[in-house]
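Read the structure below first, then the notes.
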Amino acid sequence: MPELRVEALTHVYSAGTPFEKTAIENISLTVPQGQFVGLLGHTGSGKSTFIQHLNALLKPTSGAVLVDGEDINRDKKTRRAVKNKVGLVFQYPEYQLFEETVYADIAFGPKNMGLDKEEIDRRVREAAGFVGVEEALLERSPLELSGGQKRRVAIAGVIAMRPGILILDEPTAGLDPAGCRQIMANILRYRQETGATVMIVSHNMDDAARLTERLIVFDHGHVAMDGSPEEVFSQPERLMEIGLSVPQSTRLAMALRAAGVPLEGPVYTHRQLMAALKEVGVC
């Protein structure tokens, strides 16, 4: 599985015009293979611009993105090849479904990889089953599906390419709680079964606290915070300055302490809260 490295990455939109805007500036970080990373930040903080550089959809104004030590923008061949290694699922990906059938949509990526028909068919059916798209839906038009089904089809289309790095922009946006749980369970299972790196852009602080190993917080085009969920959520004042909230577990722990419950140690995530409550005999 590939390692991802970003070196002094800067992107300026409409450079040299009156509309010039620096979206991200001088970002450097490394994501080891297999890590589960949450990307947080208010609207306009640079998250979406950042992730579009990771599979060469956008070219840097300056700096570099390296996958397994290779600059993904070295040439056209390298930019094409990285799309097989780094899969990107956009926010509201259902609006990107364009083929006549669900099968054809899922097959689009593997077909462009030059795989033979048997391998394409194997990957389509495996990916569909993986995300819970029933065989009976494969010959349906994507336009006939529900919002949750469309979301799963879009994710299946990326998973069918078997990327070593899977990036998802707000994968649960607009879904009901059951749909959110199903999508997140699928993503976790993909990571567990393949060892892939997963990066999720999210506004859901509870998912970020519960699922990820590392959080990277963007603010005005810069990385403002980078650490474990425990480290990041231990600074609620800083998060609120940036315009973000904290998980319900953090708020509940603060309320319990204010009510006199003797919670010991740092309590900022769901894991810490449950452990603290068990320690004092509440659960």
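Okay, here's what the table says:
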read-out: All-pairs alpha carbon distance profile, region 1-129, 5 Å steps from 0, percent; value: 2, 9, 16, 19, 18, 16, 11, 7, 2, 1, 0
read-out: Highest to lowest packing among 68-74, 237-243, 272-278, scored as the average C-beta count within 10 Å; value: 272-278, 68-74, 237-243
read-out: Proxy reagent accessibility, fewest Cβ within 10 Å first, across Lys77, Lys85; value: Lys77, Lys85
read-out: Using alpha-carbon coordinates, inclination of helix 270-279 to the longest axis of the chain, degrees; value: 40
read-out: Alpha-carbon centroids, region 61-131 and region 147-183: separation in whole Å; value: 14
read-out: The chain - mean residue ellipticity at 222 nm from DSSP helices (-39,500 (n - 2.57) per run, n ≥ 4, rounded to 500); value: -12000 deg cm²/dmol
read-out: Hull-based mean projected area of region 37-192, where the convex hull spans the alpha carbons, in square nanometres; value: 9.9
read-out: Two-decimal Rg/Rh across region 136-253, once Rg and the Kirkwood Rh are taken from alpha-carbon atoms; value: 1.02
read-out: Cα coordinate range in the chain, projected on the principal axes (Å, largest first); value: 64, 51, 34
read-out: Bridge type composition, the chain - antiparallel percent by DSSP, nearest 5; value: 55
read-out: Sequence-separation-based contact order of the chain, relative, with Cα cut under 8 Å and 6+ spacing, percent; value: 22
read-out: Ratio of the Cα radius of gyration of region 217-283 to 2.2 N^0.38 Å, where N counts its residues; value: 1.22
read-out: Gaussian network model of the chain, Cα within-10 Å springs - most flexible of Arg251, Arg152, Arg162; value: Arg251
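Read-outs: derived from the displayed coordinates by stated rules, not from any lab. Because the structure is predicted, anything quoted here is derived from the model rather than measured. Glycine also receives a Cβ, built like all others from the backbone with ideal geometry; neighbour counts cover every protein chain displayed.
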